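Novice: I have a structure I would like to understand better, so I am pasting it below and will then ask my questions one at a time.
The values are calculated or read from the model by the stated rules, or taken from the named source; none is laboratory data. This one's a predicted model, so the numbers in the text were calculated from it and none came from an experiment. Here Cβ is always computed from backbone atoms with ideal geometry, including for glycine, and neighbour counts include all displayed protein chains.
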């Protein structure tokens, strides 16, 4: 498998296309930095996998990204963050990692909170700790959104499959004023989510916060690109087929304009 050198790039991985929401926020904030993205769609969704499997997949992808020369790894998946990021930091102590957690803290201004996340994220100690710290005094509606990730991967934003699913999902939720997107796939269909909710509901997308954390870590370590010798390049690898990623990139102009390679069937097992 040909791997273009990515010395000094930012590495990003997810179980599928969801991490593109984070990659898009990063390239908007840090347009001089190149990106190397891995979509592990062969093993998606991670929410249906065991903890041991998710950790193994995360280790293998991190090895791949580091072998290409990336300077920082973004675990652009709430499930993988919940399960694997502590182990990754222990295994690679010199590598800066940025993970994704449900944006519970900014939701604390609301009174009727909804959290959309995978079952793995909802039962994780990381999420439970955040909920206890910031939302302990109010009811929280939670949904594992079973099947939503697969619909987003297969059909994309604006599709009847996604819109009908969301309309049915929110029939179960009463009087929400704030909804937390606890999976990186969900910001890709944020307009569909807003359309399924009453007007004025605050929908919290964590992608921008993750991008700002990437910026802070790179600044702290003196790793921000100041004077690039070449234009930023964005390369994308998939462990399965590339059709969902290709379709989604066309809806993300900043990423799509700078993309160079889209490589399907990366040889990870």
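Novice: Determine which member of the set 36, 65, 20 is assigned by TED's automatic domain parsing to the domain that holds residue 226, over 15 Å from the mean Cα position of the chain (by Cα) and modelled with pLDDT of 95 or more.
Specialist: Exactly one of 36, 65, 20 is assigned by TED's automatic domain parsing to the domain that holds residue 226, over 15 Å from the mean Cα position of the chain (by Cα) and modelled with pLDDT of 95 or more, namely 65.
Novice: Quick one: is residue 80 in a helix (DSSP H, G or I), touching a residue at least 24 places away in the same chain (Cβ under 8 Å) and either on the phi > 0 side of the Ramachandran plot or under 13 Å from the mean Cα position of the chain (by Cα) (or both)?
Specialist: Numbers: in a helix (DSSP H, G or I): yes; touching a residue at least 24 places away in the same chain (Cβ under 8 Å): yes; either on the phi > 0 side of the Ramachandran plot or under 13 Å from the mean Cα position of the chain (by Cα) (or both): yes.
Yes, satisfied.
Novice: Give just the number: which of (1) in contact with a strand residue (DSSP E or B) (Cβ under 8 Å, 6 or more places away or on another chain); (2) within 30 Å of residue 143 (Cβ to Cβ); (3) in the same structural domain as residue 24 (by TED's automatic domain parsing) does residue 241 not satisfy?
Specialist: (1)
Novice: Which condition breaks for residue 41 when tested against (1) more than 14 Å from residue 92 (Cβ to Cβ); (2) in contact with a strand residue (DSSP E or B) (Cβ under 9 Å, 6 or more places away or on another chain); (3) surrounded by fewer than 20 Cβ atoms within 10 Å (Cβ to Cβ)?
Specialist: The single condition residue 41 does not satisfy is (3).
Novice: Look at residue 70 and say whether it is under 19 Å from residue 258 (Cα atoms), over 11 Å from the mean Cα position of the chain (by Cα) and buried (at least 22 other Cβ atoms within 10 Å of the Cβ).
Specialist: yes
Novice: Against the definition (in contact with a helix residue (DSSP H, G or I) (Cβ under 8 Å, 6 or more places away or on another chain), assigned by TED's automatic domain parsing to the domain that holds residue 258 and over 24 Å from residue 187 (Cβ atoms)), how does residue 59 come out, yes or no? Let's see the steps before the verdict.
Specialist: Working: in contact with a helix residue (DSSP H, G or I) (Cβ under 8 Å, 6 or more places away or on another chain): yes; assigned by TED's automatic domain parsing to the domain that holds residue 258: yes; over 24 Å from residue 187 (Cβ atoms): yes.
Yes; evaluated as a whole, the condition is true for this residue.
Novice: Is it true that some residue in the stretch 210-218 is crowded, with 16+ Cβ neighbours inside 10 Å and either modelled with pLDDT under 95 or closer than 21 Å to residue 154 by Cβ (or both)?
Specialist: No, the stretch 210-218 contains no residue that is crowded, with 16+ Cβ neighbours inside 10 Å and either modelled with pLDDT under 95 or closer than 21 Å to residue 154 by Cβ (or both).
Novice: Within the set of pairs 6+ apart or on separate chains, which have a first residue in the stretch 5-20 that is without any contact (Cβ under 8 Å) to a residue 60 or more places away in the chain and on the phi > 0 side of the Ramachandran plot, a second that is buried (at least 24 other Cβ atoms within 10 Å of the Cβ) and assigned to a strand (DSSP E or B), and C-beta atoms under 8 Å apart?
Specialist: Note: no pairs meet the criteria.
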